[in-house]
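Participant: Quick one: the structure is below, and I'll ask about it shortly.
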There are 2 protein chains.
Amino acid sequence: MAVRDPRVTKAAPVDKRRIILDAAVRVFARDGFHKCRVSDIADEAGVAYGLVYHYFKSKDQVLDTLFLERWEVLLEAIRHTDATDLPAEEKLHAIAGFIIDSYRHDPDLMKVIIVEVTRAANSFGAVHIRKIDEAYALIRGVVEKAQQRGEFRSEIPAEFAVMSFYGAIEQVLTGWIFGLLDEGEDAYDSAKAHIVQTICGGLAA
Amino acid sequence: MAVRDPRVTKAAPVDKRRIILDAAVRVFARDGFHKCRVSDIADEAGVAYGLVYHYFKSKDQVLDTLFLERWEVLLEAIRHTDATDLPAEEKLHAIAGFIIDSYRHDPDLMKVIIVEVTRAANSFGAVHIRKIDEAYALIRGVVEKAQQRGEFRSEIPAEFAVMSFYGAIEQVLTGWIFGLLDEGEDAYDSAKAHIVQTICGGLAA
DNA sequence: CACCGGATTGACTCGTTAGTCAACCCGACG
DNA sequence: CGTCGGGTTGACTAACGAGTCAATCCGGTG
């Protein structure tokens, strides 16, 4: 996968840890966390079985690492968006956009995060609820501020608004993952717009 | 668990199959499908290990049965709602209501169905996509008809509308399952209303 | 060159558990 | 009373796979 110039081998210490993580993404996405074996990860990475345990305490920790790494990036993106003074609707568009672009950029990684963590209330979801809830809290902040400013109406509690918004995004991603929804460059942009339109403007004529 | 009067043993053939299924719901909800052992199900049912295999081909088939049984009921409910001539918004309210009431009535069963099947794109989700998609298709029908009648605006493709609607519902249920959202009788009714308000009326003031 | 220590290897252990199966229980029926 | 068969039992097997570990490799250092 990674392209290496043989002449600069010296300068490229080849981060095996990274290679293992990237391989794990592919394997988890393909076979699922539970069904795959640690040896599958090692094979996919072109690395000895034991090396996985040199870098990670357990199979679980590989997934934890993938999730935390990426989720932190997401939280940072949301915080950044929150800090701007865009209209609330555009903030939501930016957030939905970031998540969808993450999927566009690395579908396997997003698939793993959503399927194995975010939507897995048993196993891993439970372990990472706090982190997941941080994202909800941030988005809730966006909605609440908009309600105070009168941009959004206040009848709908922010908690439900957030769940609807985030749930809509994940459901669309899941649709792509399952192959139930058409994918493609324009589908991505169109999804961003339509999700935000639905949540902000509603379906009613 | 089950109380039997020795004098009427004859008249009560005690459906062990059902007892096993009900026990499985509790165990799957508590420990998760992957983490629990078949012996846990047998123990919870107060039945010998082997009997599980007398009634079911495999551990997987127990879950399959639970899912298919309940999903069929859901599909029927949606079809029934679809057949009425209520306004689209009320149809959506009825559908959201049915799902939320299912959770109210048997949280464990809904938890299992959502966590282990509906949201599990690897493992079981993949096996049952067709069935799951039937529900989406039915709801899509509701939306499309509303768009033709001019009740809903047509800019938003029905696929996205459905994903947003259904995603919102599942996300709220997941919030309850995770313990991130307050539960309680009024929370249930309020959720129904707010989800539909969000999807139909939008957040914008 | 000798030595050190971290990276890397992969064969092996050890617990776990899905699924099997031979035996047993018990009501029905002749 | 005997025997037939489906329901029921639970010990057992067979496989599997996570995690361990002793050995090896290799670049750096004195």
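The values are calculated or read from the model by the stated rules, or taken from the named source; none is laboratory data. These figures come from a predicted structure and were not determined experimentally. So basically every Cβ, Gly included, is an ideal-geometry build from the backbone, and we count neighbours across all protein chains shown. Just the protein is used for accessible areas: all its heavy atoms, side chains included, with ligands, DNA and RNA removed. Shrake-Rupley method; radii C 1.70, N 1.55, O 1.52, S 1.80 Å.
Listed here are the residues, each with its yes/no results for (1) in contact with a helix residue (DSSP H, G or I) (Cβ under 9 Å, 6 or more places away or on another chain); (2) under 29 Å from A:GLN171 (Cα atoms).
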| site | (1), (2) |
| --- | --- |
| A:CYS36 | yes, yes |
| A:ASP43 | yes, no |
| A:LEU51 | yes, no |
| A:ASP64 | yes, yes |
| A:PHE67 | yes, yes |
| A:GLU76 | no, yes |
| A:LEU86 | yes, yes |
| A:LEU92 | yes, yes |
| A:PHE98 | yes, yes |
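Participant: Restricting to helices (runs of 4 or more DSSP H) lying wholly in segment B:39-148: which have 1 or more residues that are under 23 Å from A:LEU180 (Cβ atoms)?
Facilitator: Ranges flagged: B:59-83, B:88-105, B:107-112, B:123-148.
Participant: Within segment A:37-57, track down each residue that is of a type in the set (Gly, Ala, Ser) and open to solvent by 60 Å² or more (accessible area, probe 1.4 Å).
Facilitator: Within segment A:37-57, A:GLY46, A:ALA48 qualify.
Participant: Could you list all residues from segment B:39-86 that are within 14 Å of another protein chain (Cβ to nearest Cβ) and more than 16 Å from DNA strand D (Cβ to nearest atom)?
Facilitator: B:LEU63 - this is the single residue of segment B:39-86 that is within 14 Å of another protein chain (Cβ to nearest Cβ) and more than 16 Å from DNA strand D (Cβ to nearest atom).
This table checks each residue for (1) in contact with a strand residue (DSSP E or B) (Cβ under 8 Å, 6 or more places away or on another chain); (2) open to solvent by less than 40 Å² (accessible area, probe 1.4 Å); (3) farther than 30 Å from A:PHE28 by Cα.
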position	(1), (2), (3)
B:LYS59	no, no, no
B:LEU86	no, no, yes
B:VAL115	no, yes, no
B:PHE124	no, yes, no
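Per-residue answers, yes or no, for (1) of a type in the set (A, V, I, L, M, F, W, C); (2) in contact with a Gly (Cβ under 7 Å, 6 or more places away or on another chain); (3) farther than 16 Å from A:ASP101 by Cβ:
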| residue | (1), (2), (3) |
| --- | --- |
| A:ALA146 | yes, no, yes |
| A:GLY150 | no, no, yes |
| A:SER154 | no, no, yes |
| A:GLU159 | no, no, yes |
| A:PHE165 | yes, no, yes |
| A:ILE169 | yes, no, no |
| A:GLY179 | no, no, yes |
| A:ASP182 | no, no, yes |
| A:GLU185 | no, no, no |
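Participant: For a quick check of your reading of the model, give me the residue pairs whose first member lies in segment B:30-49 and is touching a residue at least 12 places away in the same chain (Cβ under 8 Å) and more than 8 Å from DNA strand C (Cβ to nearest atom), whose second is open to solvent by less than 40 Å² (accessible area, probe 1.4 Å) and of a type in the set (S, T, N, Q), with beta-carbon atoms closer than 6 Å and at least 6 apart or on different chains.
Facilitator: Sorted first by the residue in segment B:30-49, then by its partner, the pairs are B:GLY32/A:ASN122; B:GLY32/A:SER123.
Participant: Okay, next question. Quick one: count up the residues across segment B:134-149 that are open to solvent by 40 Å² or more (accessible area, probe 1.4 Å) and either of a type outside the set (A, V, I, L, M, F, W, C) or outside the structural domain of B:ALA83 (by TED's automatic domain parsing) (or both).
Facilitator: The total comes to 6.
Participant: How many residues are more than 7 Å from every other protein chain (Cβ to nearest Cβ) and open to solvent by 20 Å² or more (accessible area, probe 1.4 Å) when one looks only at segment B:193-205?
Facilitator: 1
Participant: Within segment A:126-164, count every residue that is closer than 17 Å to A:HIS194 by Cα and at the interface with chain B (Cβ under 8 Å from one of its Cβ atoms).
Facilitator: 3
Participant: Considering segment A:61-71 alone, what residues qualify as being free of Cβ contacts under 8 Å to residues at least 60 places away in the same chain and open to solvent by less than 70 Å² (accessible area, probe 1.4 Å)?
Facilitator: Listed by number, the residues that qualify are A:GLN61, A:VAL62, A:THR65, A:LEU66, A:ARG70.
Participant: Further question on the same structure: Take segment B:150-188 and flag every residue that is farther than 23 Å from B:ASP31 by Cβ, touching a residue at least 12 places away in the same chain (Cβ under 8 Å) and either of a type in the set (Lys, Arg) or open to solvent by less than 30 Å² (accessible area, probe 1.4 Å) (or both).
Facilitator: Correct list: B:PHE152, B:ALA158, B:ALA161, B:VAL162, B:MET163, B:SER164, B:PHE165, B:TYR166, B:ALA168, B:ILE169, B:VAL172, B:TYR188.
Participant: Would you call B:VAL27 more than 11 Å from DNA strand D (Cβ to nearest atom) and within 14 Å of another protein chain (Cβ to nearest Cβ)?
Facilitator: Spelling it out, B:VAL27 is indeed more than 11 Å from DNA strand D (Cβ to nearest atom) and within 14 Å of another protein chain (Cβ to nearest Cβ).
Participant: Tell me, please, whether a residue that is small (Gly, Ala, Ser), modelled with pLDDT of 95 or more, more than 16 Å from DNA strand C (Cβ to nearest atom) and open to solvent by 50 Å² or more (accessible area, probe 1.4 Å) can be found in segment B:1-13.
Facilitator: No - not one qualifying residue is present in segment B:1-13.
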